[in-house]
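Each value in this text was obtained by applying a stated rule to the coordinates, not by laboratory testing. What you see is a predicted model; the values in this text were computed from it and never measured. Positions of Cβ are backbone-derived with ideal geometry, glycine not excepted, and every protein chain shown enters the neighbour counts.
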Amino acid sequence: MPRRLALFPAFGESARPDLPLVPRMSQPSRVSDPERDDATTAARRARSLRYMRIGLVALVAVLLVVAWRLGLFSLFADPARLKQTLLDLGPWGYVAFVVAYAVLQPFGVPGTVFVMAAPLIWPWPVAFALSMTGTMAASCVGFSFTRFVGREWVASMVPARFKKYDDALEKRGFVTVALLRFIFWMPPPLHIFFGLSKVSFWTHFWGSLVGYAVPLFVTSYFGEKAFDWMRSLPVEAWVGTGVGLVVLAAGWWLVSRRLRRGRAANPAGLG
């Protein structure tokens, strides 16, 4: 009786007994290399970050060109025309003011132009709200652009007078941010300094909000009154004020120079 083929041969046996048993070639197991995977992931992230930086720089350049083509720079140079244009826009004038402030100030347009113009256009509560919103937006744009986009490009633009606050910023971030914002307000180099530092975004945000509150309130509340008062001053008062400021600046420079020379001549503080 012929041998029947087993439907389910035993392990290691062939279903055809007349054919030799050929061992299966085991596929080599794929072992992942953690270091290589991490390097690949880091390279992808760096490439994505580079593309994002290029895109943001291009976006900023386009916005600045559009602002120039629309005449925003010349508009802010003419307060009367600026006031009429923003009032004609109605509620959209608020949006235009804040957007122009946030886009233009971090890249060179003085923030005092916006802050001083606001109380001349709107009642002081509206001027204060818009000045605070625009100033905070501009500060966050300058901070974020430095930290995430142009860190290597703008590091050399930080003045030496800001660098001496590095240690204080690391130990007392919130207080230092609030104090510097209260004293210096919103110059672009200060945005850059905070963006290069180790202070977190939210520490910078809340510290800036506290530091801006009093100066912006004073400017918004007394801005129109101060402007009218300054316009009423005679020419002699302006000349006397200018001479007084020059004398004070010269005296400060001479005293500082003498103190520096004294410290250089006696570095140990002896004698």
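Observations on the model:
- FRET efficiency, 1/(1 + (r/R0)^6) with R0 41 Å, evaluated for VAL210 and GLN84 via beta carbons: 0.75
- Per-pair calculated FRET efficiency, R0 = 25 Å: ARG263 and PHE182 via Cβ, rounded to 0.05: 0.30
- Extending 7 Å from Cα along the Cβ direction at VAL113 and again at GLU170 yields two label points whose distance is 3.8 nm.
- Efficiency of FRET from Cβ geometry, THR40 and VAL126, R₀ 41 Å, rounded to 0.05: 0.15
- Computed P(r) (all Cα pairs; region 157-224; 10 Å bins; percent): 21, 54, 19, 5
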